[in-house]
Amino acid sequence: MAEALTIARPYAQAAFKFASEQGMLKEWSDMLGLLAVIADDDAIQDVIDSPHMTEQQLADVFISVGGEYLNEKCANFIRVLAANRRLALLPEISTLYEIKRRDAEGSVQAELVSAYPATEAQQAEIIASLQKRLGLDVTLTCSTDASLLGGAIIRAGDLVIDGSVRGKLDRLGAALNH
């Protein structure tokens, strides 16, 4: 994964720079998100991995599937990715682009994973705390994971707060082993 992110980073930076210069951050975000979904499809993965497909054919597949949702500059971006056999990296490129976009817009996407569903009041408190700590607008997505046993894990950018019972037990076990 780290290698894929390393390879994807220059493409995400180039897309972000172009979109920023054109004032099209949201549009490119939407297009890259769509392309990431296309690249994640199992049938498309088979096409990407096929040794019988030329670079042009691969680009044409993505451009035709994306259809009217892609502009000509994005189609050119796809052609560059196809020429370098990097179409499989579109999910990583999209993720890195979103991080750069949120940084530029002064916002962050946070994730709350809890053992039990969080109430709206709890979510609002977490958002307020993260906004105060990070100095950024926070958008929170929530999910549940019963294997946490209790508590929650919060991820926002590079910040990870593990207040789960499972995490505490893991840390206790590691401390006892040392």
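The values are calculated or read from the model by the stated rules, or taken from the named source; none is laboratory data. The structure displayed is predicted, hence computed values, not measured ones. Glycine gets a Cβ as well: all are built from the backbone with ideal geometry, and neighbour counts include every protein chain shown.
Contact map, segment 47-63: first residue within 14 Å of Cys74 (Cα to Cα), second residue in a helix (DSSP H, G or I) and of a type outside the set (A, V, I, L, M, F, W, C), Cβ cut-off under 8 Å, separation 6 or more or different chains; pairs are Ala59/Arg79.
Of the helices (runs of 4 or more DSSP H) contained entirely in segment 86-178, those carrying at least 1 residues that are crowded, with 18+ Cβ neighbours inside 10 Å fall at 90-105, 120-134.
Out of the residues in segment 64-79 meeting the condition of being surrounded by fewer than 17 Cβ atoms within 10 Å (Cβ to Cβ) and touching a residue at least 40 places away in the same chain (Cβ under 8 Å), tell me which one is farthest from Ile7 (Cα to Cα). Only one residue tops the list, namely Asn71. Within segment 1-32, the set of residues being free of Cβ contacts under 8 Å to residues at least 24 places away in the same chain and among the hydroxyl-bearing types (Ser, Thr, Tyr) comprises Thr6 only. In the same structural domain as Ile48 (by TED's automatic domain parsing), hydroxyl-bearing (Ser, Thr, Tyr) and in contact with a Phe, Trp or Tyr (Cβ under 9 Å, 6 or more places away or on another chain): is that true of Tyr69 in this structure? Against the criterion (in the same structural domain as Ile48 (by TED's automatic domain parsing), hydroxyl-bearing (Ser, Thr, Tyr) and in contact with a Phe, Trp or Tyr (Cβ under 9 Å, 6 or more places away or on another chain)), Tyr69 does not qualify.
Looking across segment 84-122, the residues that are at negative phi and among the small types (Gly, Ala, Ser) come down to Ala88, Ser94, Ala104, Ser107, Ala110, Ser114, Ala115, Ala118, Ala121.
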